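S.K.: Dropping the structure in here first, questions after.
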Amino acid sequence: MNNRVIKLLVLILIVGMFGFFGYSMVTKGKHTDVGDKAYNFSMPNLDGSTTKLTDFKGEVVILNYFASWCAPCKEELPELEAFQKDYGDQFHFLMINRGETMDKINKVTKNNKAGMNYLFDYNAKVSKMFNVTGQPETFVIDKQGIIREHFNGPVTEMQLYNWAKKYDKK
């Protein structure tokens, strides 16, 4: 009886693995990465209007994926706010939230006291196109619309500034 149960469990495990890999191959979509043209997204922003990547054509754009419950995101937030305050008039910095509501972000950010540009990727369509695997993740898009940097983990104001300056010259 024990041998029979073990064989059945092994069979279930093997079928499950084939099912998982088959599903992964079928659902694997096209995504962009460093060196590729950035996916041209359109997402709602905190004021209720829509922001498109093409709104910033010919300019350096920095994207930062975050979640309000993410501890590293909370740690990096003062650095991001400092970048927005010090360089927001020179470079476009977009904070992209996956799956949380505008009300939640307004509450967490004290009604966006820092003046950040929050966008909402409710169905994770854009994050899938950018191959986002977690948060925080940061992307730098150059003036030609090419993804030049993809960084996993918290970033500093100086990292953001150095990337932005590097790709602003080209």
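The values are calculated or read from the model by the stated rules, or taken from the named source; none is laboratory data. This is a predicted model, so every value here is computed, not measured. All Cβ positions, even for glycine, are placed from backbone atoms using ideal geometry, and neighbour counts span all protein chains on display. Heads up: the accessible areas ignore ligands, DNA and RNA and are worked out on the full protein's heavy atoms, side chains in. Shrake-Rupley method; radii C 1.70, N 1.55, O 1.52, S 1.80 Å.
S.K.: Please verify whether region 151-167 includes one or more residues that are in a strand (DSSP E or B) and not basic (Lys, Arg).
M.R.: Yes: region 151-167 contains one or more residues that are in a strand (DSSP E or B) and not basic (Lys, Arg).
S.K.: Could you list, in sequence order, the residues of region 121-150 that are open to solvent by less than 20 Å² (accessible area, probe 1.4 Å) and in a helix (DSSP H, G or I)?
M.R.: Val126, Ser127
S.K.: From the residues in region 102-120 that are more than 27 Å from Asn162 (Cα to Cα) and either in contact (Cβ under 8 Å) with a residue 40 or more places away in the chain or of a type in the set (Gly, Ala, Ser) (or both), which one is least open to solvent (accessible area, probe 1.4 Å)?
M.R.: Ile105
S.K.: Something else now. Would you please list the contacts, defined by Cβ atoms under 7 Å and residues six or more apart or on different chains, that run from a residue in region 31-51 that is on the phi > 0 side of the Ramachandran plot to a residue that is among the β-branched types (Val, Ile, Thr) and surrounded by 13 or more Cβ atoms within 10 Å (Cβ to Cβ)?
M.R.: Gly35/Ile146; Gly35/Ile147
S.K.: Name the residue that is modelled with the lowest pLDDT, counting only residues in region 24-76 that are of a type in the set (S, T, N, Q) and farther than 28 Å from Lys107 by Cα.
M.R.: Selected residue: Thr27.
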